[in-house]
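A quick write-up on the structure given underneath.
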Amino acid sequence: MNGVWFLDLWQAKCNQDPATVFPDWNPREDRIGILSPHDDDALLGAGYAILAGREMGVAVCVMVVCNGCAGYSTAEQKFSIVEIRRRETLEAYSRLGLAPEDIHRFDVPDFSAAARIPWELPGNEEGIIADLIAELRRRRVTRFFIPNGYREHLDHEAVYDLGRYASSQTGDAILVDYAEPFAVRSVHVYSVWGDFPPALAEGAPPELRANKAVVVPQGWEEKVRDGIRAFRSQGAIIENLAKAREGRGCSEGFLELYQDLDPRPNLDYGPYVSAVNRILRGQVLKI
Ligand SMILES: [Zn+2]
């Protein structure tokens, strides 16, 4: 891919190898899945990831949680906005090369994602976590992008939680009748507009909360902006977000940021055993 750079910001490393962002990248096995709280979020926050996946010839899917029912800017659209946005979504992502079958919709009402997460809802209705686990398995997603869960939006925070917990369950031998278990290989948090949460990794520079970046040529940014313009019903909101994209400009093009996430960090007993042994030794010597 000409003019595309993958960066590890904390290690000040930059090259044209996707493995810099996606550990052990294998284009014959990898598939990219992007969990999007609302229809435009994947485009706004992970548009370059979509284009990079397409360019590398791997399958890319976008899974949209909310149906956009709150997104009407005129009262007349109140009862037609969901259908309008469904059409806009297909058009927007088709401008980035995705087909209708690459888009999965959970059709949850806006501002309601948090209450719809559990497997079983009151009244025996099924929530979205089982559907998401099945979808990730069926599509055999290996590189999973989830939205920033840090002070962006009620639905974004909920979908972040949904994504990080679903991502660690897809490979487990649970809900096996929903689809064959299949493990996600890496999880990447993308930002729609808010700053990332402070990085927990030791030695992480406080001013660089995201640890990975991709830099793309101007043509890719124009493609994303073309996709954004397809959301005509969201004009007033998207205008400001599109303006904010100017801040992505860098010397070699435009950048998109990601924060790696280990959704299930193992507990390392080593340091605790050493500490406990040290304390015990001191205590035993005193007796
Ligand atoms: Zn959103």
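The values are calculated or read from the model by the stated rules, or taken from the named source; none is laboratory data. This is a predicted model, so every value here is computed, not measured. Note: ideal-geometry Cβ built from the backbone for every residue, glycine included; neighbour counts use all protein chains shown.
Do we have Val108 as within 16 Å of the ligand (Cβ to nearest atom), surrounded by 16 or more Cβ atoms within 10 Å (Cβ to Cβ), among the hydrophobic types (A, V, I, L, M, F, W, C) and more than 30 Å from Ser80 (Cβ to Cβ) here?
For Val108, the condition - within 16 Å of the ligand (Cβ to nearest atom), surrounded by 16 or more Cβ atoms within 10 Å (Cβ to Cβ), among the hydrophobic types (A, V, I, L, M, F, W, C) and more than 30 Å from Ser80 (Cβ to Cβ) - is not met.
From the set of residues in segment 20-47 that are away from the ligand (no atom under 16 Å from the Cβ) and of a type in the set (S, T, N, Q), which is farthest from the chain's Cα centre (by Cα)? Reasoning before the result, please.
In the first step, residues of segment 20-47 are kept if they are away from the ligand (no atom under 16 Å from the Cβ); the result is 20-33.
Within this subset, residues satisfying the condition of being of a type in the set (S, T, N, Q) are 20, 26.
Values: Thr20: 17, Asn26: 20 Å.
The extreme case among them is Asn26.
Listed residues Pro198, Pro217; which is within 26 Å of Tyr150 (Cβ to Cβ) and out of contact with any helix residue (DSSP H, G or I) (no Cβ under 7 Å at 6 or more places or on another chain)?
Pro198
Keeping to segment 3-42, report how many residues are touching a residue at least 24 places away in the same chain (Cβ under 8 Å), aliphatic (A, V, I, L, M) and under 22 Å from Arg209 (Cβ atoms).
Residues flagged as touching a residue at least 24 places away in the same chain (Cβ under 8 Å), aliphatic (A, V, I, L, M) and under 22 Å from Arg209 (Cβ atoms) within segment 3-42 amount to 6.
Determine which member of the set Ala183, Ala210 is farther than 21 Å from Arg31 by Cα and touching a Ser or Thr at 6+ places or on another chain (Cβ under 8 Å).
Ala210
Which residue, of Phe79, Phe106, is of a type in the set (Phe, Trp, Tyr), more than 19 Å from the chain's Cα centre (by Cα), on the phi < 0 side of the Ramachandran plot and not in a helix (DSSP H, G or I)?
Phe79
Name the residues in segment 141-152 that are farther than 17 Å from Asp30 by Cα and away from the ligand (no atom under 14 Å from the Cβ), would you?
The answer is none; no residue qualifies.
Could you list all residues from segment 164-180 that are part of a helix (DSSP H, G or I) and of a type in the set (A, V, I, L, M, F, W, C)?
The answer is Ala166, and nothing else.
Looking at Asp161, Asp155, can you tell me which residue is at pLDDT 95 or above, outside any loop (DSSP other than H, G, I, E, B), within 16 Å of the ligand (Cβ to nearest atom) and in contact with a Cys (Cβ under 6 Å, 6 or more places away or on another chain)?
Asp155
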